[in-house]
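Engineer: Can you keep this structure in mind? I'll have questions shortly.
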Amino acid sequence: MPDEPPWLTDRELEAWMALAKLMFNLPSALDAQLLRDNDLTLFDYFVLSVLSMTPGRTLRLSELAGQVSSSLSRLSNVVKRLERRGLLRREPDPDNPRYTTAVLTDTGWDLVVAAAPGHVTAVRRFVIDGLTEHQIDVLRQVACHVTRNLAQG
């Protein structure tokens, strides 16, 4: 018989339940704003945004997947959809044609620029506004800690 896990204390359970609600509700709220205002999902926006901040607005798909915390297959499906909309294009990597890059088009750039103010407003409304500087620091520390643990498996 396996050993009993160290069960959560009431305080830990309360923190976990608050985080779980956040994980389920925040993406939906950010998706709704982006879909309503720009016909983009939150994941679409992240893909385009990462490309917009990359020199040459170009990244290998494998690197882009890592930056947006996605599997290559999920990213590939999203890239195909965004490519059909003219927001990015796929090209062979000039340094190694075995790899494929995603390149943000001017249309994609224009959409990211148009979407950014509404997205930032939503992030401020749902996450940042009302927090103290200390709470923002703690939020970043907690998010980085959990992300590191996830990366380690």
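Engineer: Residues of the range 24-60 being within 14 Å of VAL123 (Cα to Cα) and either surrounded by fewer than 11 Cβ atoms within 10 Å (Cβ to Cβ) or among the acidic types (Asp, Glu) (or both), which ones?
Structural biologist: SER28, ASP31
Engineer: Another one. List every residue pair whose Cβ atoms lie under 8 Å apart, where the two residues are 6 or more positions apart in sequence or sit on different chains, the first residue falls within the range 64-90 and is within 13 Å of LEU51 (Cβ to Cβ) and small (Gly, Ala, Ser), and the second residue, located anywhere, is open to solvent by less than 50 Å² (accessible area, probe 1.4 Å) and at pLDDT 95 or above.
Structural biologist: Note: pairs meeting the criteria are ALA65/LEU75.
Engineer: Something else: Identify all residues within the range 88-106 that are open to solvent by 70 Å² or more (accessible area, probe 1.4 Å) and either small (Gly, Ala, Ser) or in a strand (DSSP E or B) (or both); write none if there are none.
Structural biologist: Of everything in the range 88-106, those that are open to solvent by 70 Å² or more (accessible area, probe 1.4 Å) and either small (Gly, Ala, Ser) or in a strand (DSSP E or B) (or both) turn out to be ARG89, ARG90, PRO92.
Engineer: When you look at GLU83, is it modelled with pLDDT of 95 or more, more than 29 Å from LEU22 (Cβ to Cβ) and part of a strand (DSSP E or B), yes or no?
Structural biologist: Spelling it out, it is not the case that GLU83 is modelled with pLDDT of 95 or more, more than 29 Å from LEU22 (Cβ to Cβ) and part of a strand (DSSP E or B).
Engineer: Criterion first (under 30 Å from ALA15 (Cβ atoms) and open to solvent by 30 Å² or more (accessible area, probe 1.4 Å)) does VAL113 satisfy it?
Structural biologist: Answer is no for this residue.
The values are calculated or read from the model by the stated rules, or taken from the named source; none is laboratory data. The structure displayed is predicted, hence computed values, not measured ones. Quick reminder, even Gly has a Cβ in these numbers, built from the backbone with ideal geometry, and neighbours come from all protein chains shown. Each accessible area value is taken on the protein alone, full model and side chains, heavy atoms only, with ligands, DNA and RNA left out. Shrake-Rupley method; radii C 1.70, N 1.55, O 1.52, S 1.80 Å.
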